[in-house]
Amino acid sequence: MSTAAAIAIAIAALVVLGAISFFALARRSDVRGAGALSMETRQRDKAHRAAEHLDDPGRTAADAEAEGVAARSTELVPVSDEPPALVPWVPPDPELIGVSRRQFFNRATVSLMSVGLGAFAAAAFVAFLWPSGTGGFGGSVAVGKLDAIKDGIKQGGGFFYAPEAKSWITEYPAEALPAARTIYPANALVAMEAGIVILSQKCPHLGCRVPECKTSQWFECQCHGSQYNRVGEKKAGPAPRGMDRFPASISASGEVVIDTGTTIPGPSIGVNTTGQEAEGPHCTGGDEH
């Protein structure tokens, strides 16, 4: 599931829950302030006043009082000797005791909003952590034709950067392949056999983005001074290994697709398959060793 789809689903759920909550709150009849009358009571009172002509504009308060006095009866009502009828006692439902309509709707509103927010947070968290696998960093990224990449390396002074894959691509010399086959795993050798090496931009020391140094023709980390030769093998600094790399597939038509969801750890300290030394001044102050 993509991040956009997860967010869209969560927003739709929140909108539906908000509409339900608004409808429920609008129908509450017992939250109108102290002394307020319900709509049903007001309607019954209006009908009664219309039937008794109590809203007649020519009728005064004195007239209403006189009518009330005349309607009173002074006759005594005889008391019946029969005992009053007993109404059987029905025990109340324990689940309804102490829960008013207002409390019910309040609890329902809080519960629905909590569930909605929880679903939104869970969807966003899963979408953030789950790699895409269908494109973009964390999945398979097509970076162009092999010949175009090699041309880009030459035009970039020995370095080609693929931003969508967060990777550096440099040329790997054919004469170094025999040594590389004894050190690197098979999934790293696919690109190297084709004449390129694909390196993660992250320094294996603390994760800084490693830039190229055009003068030395090395990669030189500006954060803590780690240095790597042009194919990412460590030369100096505090990094524990060479630059990590990504495997790639190359189609029959020459299309290069980088698997950024799989990281190949960089070679151990001391590996130098190409024998390349610094070709000019360093961009950092690290010492070669």
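Read the figures in this text as sums done on the coordinates, not as results from a lab. Given the structure is predicted, the values throughout are model-derived calculations rather than measurements. In this analysis, Cβ positions are derived from the backbone assuming ideal geometry, glycine residues included, and neighbour counts consider all displayed protein chains.
Straight-distance candidates among the lysines for linking to Lys166, with alpha-carbon spacing under 16 Å and chain neighbours fewer than 8 residues away dropped: Lys202. When you filter the trypsin sites (Lys or Arg not before Pro) in the stretch 163-218 for DSSP loop state and at most 16 other Cβ atoms inside 10 Å of their Cβ, you are left with Lys214.
For Asn187 and Asp147, the difference between the fully extended length at 0.36 nm per residue and the C-alpha to C-alpha distance is 12.4 nm. Ranked by the mean number of other Cβ atoms within 10 Å of their residues, highest first, the peptides 226-235, 142-151 come out as 226-235, 142-151. Once the Cβ-Cβ distance of Leu177 and Arg209 is raised to the sixth power relative to R0 = 22 Å, the FRET efficiency obtained is 0.20.
Amide H to amide H, with H built 1.01 Å from N, Gly237 comes under 5 Å of Gln227, Asp287, counting only residues 5 or more places away or on other chains. Quick one: Debye curve from the C-alpha atoms of the stretch 140-259, no solvent, what's log10 I(q)/I(0) at q = 0.14, 0.16, 0.22 Å⁻¹? Scattering profile of the stretch 140-259, log10 relative to I(0): -0.54, -0.71, -1.34.
Modelled this way, with points 7 Å down the Cα-to-C-beta line, the labels at Arg42 and Ala8 are 4.4 nm from one another.
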